[in-house]
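Colleague: The structure is given below, and queries will be raised subsequently.
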Amino acid sequence: MSTTTTHGSENEVTILARILGNENGQLPKNIARYVLDLNISERDKARMHDLAVRNQDDDLTPAEKEEMFAFGKAATLLSILKSKARRTLGIKLETRTVS
């Protein structure tokens, strides 16, 4: 039986991102292409914005705070998976310049 060290920053987002990858941290190519097509819906973006604005005024119920954190975790997971997908497919992001 092997033992592993866990890190305090481990959560369902980082664990799931690791599960979906292979031993090199890359996603299978078919999954990578699928992940790059995923986006947060306009409806969900609007809800996230509403929760964030109302949170600034400390005007969320406990359930809404949980929902806001859930959106944050989901968006983080999607970002991690998209990064892994780009790495798998050899896609580099364009460097943005500030005008």
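The values are calculated or read from the model by the stated rules, or taken from the named source; none is laboratory data. Here the structure is a predicted model, which means the values were calculated and not measured. Note that we place each Cβ from the backbone using ideal geometry, even for glycine, and neighbour counts take in every protein chain shown.
Colleague: Could you count how many residues in the range 14-72 are in a helix (DSSP H, G or I) and surrounded by 10 or more Cβ atoms within 10 Å (Cβ to Cβ)?
Modeller: Taking the range 14-72 first, the residues in a helix (DSSP H, G or I) are 14-20, 29-37, 42-56, 62-72.
In the following step, the residues that additionally are surrounded by 10 or more Cβ atoms within 10 Å (Cβ to Cβ) were identified as 14-18, 20, 29, 31-36, 44-55, 64-72.
The number of residues fulfilling the criteria is 34.
Colleague: Can I ask one more? Looking at VAL98, VAL53, which one is among the aliphatic types (A, V, I, L, M), more than 29 Å from LEU20 (Cβ to Cβ) and modelled with pLDDT under 95?
Modeller: Values: VAL53 fails: modelled with pLDDT under 95.
So the residue among VAL98, VAL53 that is among the aliphatic types (A, V, I, L, M), more than 29 Å from LEU20 (Cβ to Cβ) and modelled with pLDDT under 95 is VAL98.
Colleague: Which residue is surrounded by the most Cβ atoms within 10 Å (Cβ to Cβ), if the candidates are limited to the range 73-99 and must be of a type in the set (Lys, Arg) and assigned to a helix (DSSP H, G or I)? Step through it out loud before you land on a result.
Modeller: We begin by selecting, within the range 73-99, every residue of a type in the set (Lys, Arg); these are 73, 82, 84, 86-87, 92, 96.
From what is left, the residues that are assigned to a helix (DSSP H, G or I) are 73, 82, 84, 86-87.
Numbers: LYS73: 13, LYS82: 19, LYS84: 21, ARG86: 16, ARG87: 16.
Step by step, filter the range 73-99, then rank; the result is LYS84.
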